[in-house]
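This is the structure I want to talk about, given as structure tokens.
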Amino acid sequence: MRGRRAPRPGSAEVPAAARDAETLRAGAASPARRAQLAEDVGTPTGGGEERRGRQPPAAARRLRESKPQGGSEDRRTADRDLQRGCLSRSPRTAPPVPGMGDRGAQHERAALQSPGAPEGAAAAVNGLLHNGFHPPAACSRDPPPPRFQLPPELQPQQQPLFAQHDSPAKKCRLRRRMDSGRKNRPPFPWFGMDIGGTLVKLVYFEPKDITAEEEQEEVENLKSIRKYLTSNTAYGKTGIRDVHLELKNLTMCGRKGNLHFIRFPTCAMHMFIQMGSEKNFSSLHTTLCATGGGAFKFEEDFRMIADLQLHKLDELDCLIQGLLYVDSVGFNGKPECYYFENPTNPELCQKKPYCLDNPYPMLLVNMGSGVSILAVYSKDNYKRVTGTSFGNMMSKEKRESISKEDLARATLVTITNNIGSIARMCALNENIDRVVFVGNFLRINMVSMKLLAYAMDFWSKGQLKALFLEHEGYFGAVGALLELFKMTDTQ
């Protein structure tokens, strides 16, 4: 087939062998013609003897002599394949179909180049392909080859997670960002703040499930902050960590650890902000969740001095969410809520646990520098009924004019009776028989708690109970920490 020009369809330039073969095929359709051909070429008789016939025509001899002498009984040629319908004739200039004709050609060449293939078959097929003959597409489950491939120098390279020249601090920041995105949690450290008029309440989550890899890549200022907060119970002259309130083995946002409760006077807030600047806190956090009036008062100082943004939260929202959360996890295996049994009898008065699983409705009295009284009907349905504000007993000059002991007791009794009276009236108006007292005013203040218990029991003739919680003033800070997790989930 090499060098032979493929005739166009319908052209008169048909090879002689093809014309003779077409003549033989056309004549073979009639019985008479088949008998004539049998007589010409010779056929075996029933007894097995071969009758000698006439010599076949020259065209038939040429077709018979074109058979290979060994192996296959039929040599594939373009004309014969065209007659059998195995190949289709197309214009010489038509290119192979990508992924189909090329692959078919590859399979065809591979088969004809095998050891058992007839001699010269591969060359014949190559000639057919180059002359415009295309075998049918090979049926294969393999995906088609790509149209083009990039050179090796332009192939995308798999970059390492961390470059070898990156500093440990940068590696830690990258890992913390990846971990935050994967687990939908904020990077450490985790804080919540309630900045009141008198005290700042701070809750800090100390992770206890830190892996060896995390500890190795943890930056130094994060380590120093954790060590400073957890290894001390006092910070300067006024900062206190309430060790007895620590919640242990707590799971928050998928991590296990301890929740610490820290407080310091609001007048020392500038020292706290300065410490955050010195410890480069902004490299670990860009936003702090804070509630209380001080979140607005000190917002500019946080931004200018420590390069920190305050995410300001509603005070009453944080109070309720924090209270419900701490009560749900309990106080290290003990109930969070309690009351005083026999409050009118000092000798028989004792502390008893109280189950607050079904707290609604309740009257929530938050006693801090000011007093807010809330009627709470559900987790998201509450209202502020009323509240009160104190005198200026924080003034040093007025305290010096009287005995400290007398001043303290007189103030406690007056304020407590006032709060108790207001709380009782609110409970009657709202038709609520459960009153819960929280706030740092009650911290280590057994006098006020027993006076409140007495007032509720006496004025209601035993119908109202004064309920208290162990973590009195920290619920706003806990609520701020919970908002940090919610804020991360929505980002």
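The values are calculated or read from the model by the stated rules, or taken from the named source; none is laboratory data. Since this is a predicted model, take the numbers as computed values, not measurements. So basically every Cβ, Gly included, is an ideal-geometry build from the backbone, and we count neighbours across all protein chains shown. To get the accessible areas, we keep the full protein, side chains included, count just its heavy atoms, and leave off ligands, DNA and RNA. Shrake-Rupley method; radii C 1.70, N 1.55, O 1.52, S 1.80 Å.
Suppose R0 equals 56 Å; then what is the FRET efficiency for Met487 and Glu400 from their Cβ-Cβ distance, rounded to the nearest 0.05? Could you put the intermediate results ahead of the total?
Numbers: r = 46 Å, r/R0 = 0.83.
So the FRET efficiency works out to roughly 0.75.
How much accessible surface does Leu442 have with a 1.4 Å probe, in Å² rounded to 10?
Here the accessible area works out near 0 Å².
I've got another one for you. Once the Cβ-Cβ distance between Glu278 and Glu214 is put in as r, and R0 is 25 Å, what FRET efficiency do you end up with, to the nearest 0.05? Don't skip to the answer; put the middle values down first.
Details: r = 25 Å, r/R0 = 0.98.
Between Glu278 and Glu214 the formula returns 0.55.
Follow-up. Rank these by accessible area, largest first, 1.4 Å probe: Lys227, Lys279, Lys201, Lys248. Could you put the intermediate results ahead of the total?
Working: Lys227 145, Lys279 60, Lys201 20, Lys248 120 Å².
Per-residue accessible area, sorted high to low, gives Lys227, Lys248, Lys279, Lys201.
If I model a spin label as a point 7 Å beyond the Cα along the Cα-Cβ vector, how far apart are those points for Asp380 and Asn342 in nm?
4.6
Please say if region 274-370 is rounded, prolate or oblate, where rounded means a/c under 1.5 for a ≥ b ≥ c the square roots of the C-alpha gyration tensor eigenvalues, and otherwise the choice is prolate for a/b larger than b/c and oblate otherwise? If you can, show how the numbers build up before the last one.
Details: a/c = 2.62, a/b = 2.53, b/c = 1.04.
Since a/c reaches 1.5 and a/b is larger than b/c, the shape of region 274-370 is classed as prolate.
Does region 201-326 classify as rounded, prolate or oblate by the C-alpha gyration tensor (a ≥ b ≥ c root eigenvalues; a/c under 1.5 gives rounded; else a/b over b/c gives prolate, otherwise oblate)? Each step should come with its number before you reach the end.
Working: a/c = 1.45, a/b = 1.15, b/c = 1.25.
Rounded.
Next up: Can you figure out the FRET efficiency of Glu246 with Met446, using R₀ = 22 Å and their beta-carbon distance, to the nearest 0.05? It would help to have the intermediate numbers written out before the result.
Values: r = 21 Å, r/R0 = 0.97.
It comes out at approximately 0.55.
Additional query: Counting only heavy atoms of protein chains, what accessible area per residue, in Å², does region 228-332 have with a probe of 1.4 Å? Each step should come with its number before you reach the end.
Numbers: 4870 Å² over 105 residues.
Averaged over the residues of region 228-332, the accessible area is 46 Å².
For region 250-322, what does the alpha-carbon gyration tensor say about shape, rounded, prolate or oblate, given a ≥ b ≥ c as the root eigenvalues, a/c under 1.5 as rounded, and a/b over b/c as prolate? Each step should come with its number before you reach the end.
Values: a/c = 1.69, a/b = 1.26, b/c = 1.34.
Oblate.
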